[in-house]
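Below you'll find the structure, written out as structure tokens, and then a few comments.
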Amino acid sequence: MRRKIVAGNWKMNTSLSEGLKLAEEVKNDAEKGIPEGVSLVVAPPFTHLAGVKEILAGSIGLSAQNCATDDSGAFTGEVSAKMIASAGAEYVIIGHSERRMFFRESDTELNKKVKIALANDLTPIFCCGENLHEREKGIYKEIVRNQIELGITGLTEDDFVKVIIAYEPVWAIGTGKTATPGQAQEMHAFIRDLIKSLYNAETASMTSILYGGSCKPSNAREIFENSDVDGGLIGGASLNAGDFLAIARSF
């Protein structure tokens, strides 16, 4: 059975003291109980990783929000997968829509990041998704197919089974538009079928595919009831421990 995962992406939010307090709140709330088989992951800013790891003490997964394409070198301001692993993280988000949009990260770059994350024993949470123009033009499946195929180029089946996919309907994030549970299921099923064609049915059935489109306590249950939705990559709602845990308890 594939894993159910609720991952909180804090983005560029919280000071160090605020982040440590939030991690403590998430841990304390989680100790009250979450559904069996559901895993929690939090992705704080780089500056918080080591401190948050100490608080979570292995009970909740720890992720970075990005990594460099190289392990070391003269790359001022970059943080490598090796550094992230040394801080105690087990996961790294790669290809988030904001990285693609604001930092112009290419599919080639993202493929390098996936490979270097795996080489450092980090689990990539690989993001894909279409914007509003691509959705309205009807090419959204083609966009997502290209992002996944190019992002995982060169990965063996043994490599790929370690990857988590996160589908982000970018057009439904902060736009006032919403993706219906049916639209979420349609794309998750499409991604699973794509994985089946790239690898095999067993690998497709084992791959966790998370939904990353403005998931909150009010709509999480409806979304998570879909057979191909295995959890969520949560943005704003993950900055409130109560909301984050309410989403996890929606399973």
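The values are calculated or read from the model by the stated rules, or taken from the named source; none is laboratory data. The structure displayed is predicted, hence computed values, not measured ones. Backbone-built Cβ (ideal geometry, glycine too); neighbour counts: all protein chains shown.
Tallying residues that are without any contact (Cβ under 8 Å) to a residue 24 or more places away in the chain and touching a Lys or Arg at 6+ places or on another chain (Cβ under 7 Å) within region 85-105 yields 1. Against the test of being at pLDDT 95 or above and more than 18 Å from the chain's Cα centre (by Cα), the options Ser227, Ser238, Ser208 yield a single qualifying residue, Ser227.
Residues in region 136-159 that are over 15 Å from Arg100 (Cβ atoms) and either basic (Lys, Arg) or crowded, with 21+ Cβ neighbours inside 10 Å (or both): Lys137, Lys141, Arg145, Ile152. Residues in region 58-84 that are touching a residue at least 24 places away in the same chain (Cβ under 8 Å), farther than 19 Å from Thr108 by Cα and aliphatic (A, V, I, L, M): Ile60, Leu62, Ala64, Ile84. A search for C-beta distances below 6 Å between a residue of region 143-156 that is of a type in the set (Val, Ile, Thr) and any residue that is part of a loop (DSSP other than H, G, I, E, B), counting only pairs 6+ apart in sequence or on different chains, returns Ile143/Glu130.
Screening region 102-123 for residues that are in a helix (DSSP H, G or I) and acidic (Asp, Glu) and picking the one that is nearest to Ala64 (Cα to Cα) gives Glu109.
So how many residues does region 215-231 have that are among the small types (Gly, Ala, Ser) and touching a helix residue (DSSP H, G or I) at 6+ places or on another chain (Cβ under 6 Å)?
Residues flagged as among the small types (Gly, Ala, Ser) and touching a helix residue (DSSP H, G or I) at 6+ places or on another chain (Cβ under 6 Å) within region 215-231 amount to 1.
Run down Tyr140, Tyr91 and say which single residue is aromatic (Phe, Trp, Tyr) and within 23 Å of Leu56 (Cβ to Cβ).
Numbers: Tyr140 fails: within 23 Å of Leu56 (Cβ to Cβ).
So the residue among Tyr140, Tyr91 that is aromatic (Phe, Trp, Tyr) and within 23 Å of Leu56 (Cβ to Cβ) is Tyr91.
Just to check your reading of the model, which residue among Leu150, Leu194, Leu155 is under 20 Å from Leu110 (Cβ atoms), of a type in the set (A, V, I, L, M), part of a helix (DSSP H, G or I) and over 18 Å from the mean Cα position of the chain (by Cα)? Can you show your working first?
Values: Leu150 fails: over 18 Å from the mean Cα position of the chain (by Cα); Leu155 fails: part of a helix (DSSP H, G or I).
Criteria check complete, one pass: Leu194.
The condition of being closer than 20 Å to Gln147 by Cα and of a type in the set (A, V, I, L, M) holds for Ile191. State whether one or more residues within region 197-211 are free of Cβ contacts under 8 Å to residues at least 60 places away in the same chain, in contact with a helix residue (DSSP H, G or I) (Cβ under 7 Å, 6 or more places away or on another chain), crowded, with 23+ Cβ neighbours inside 10 Å and aromatic (Phe, Trp, Tyr). Among the residues of region 197-211, at least one is free of Cβ contacts under 8 Å to residues at least 60 places away in the same chain, in contact with a helix residue (DSSP H, G or I) (Cβ under 7 Å, 6 or more places away or on another chain), crowded, with 23+ Cβ neighbours inside 10 Å and aromatic (Phe, Trp, Tyr), which makes the answer yes.
The number of residues in region 158-182 being part of a loop (DSSP other than H, G, I, E, B) and modelled with pLDDT of 95 or more comes to 5.
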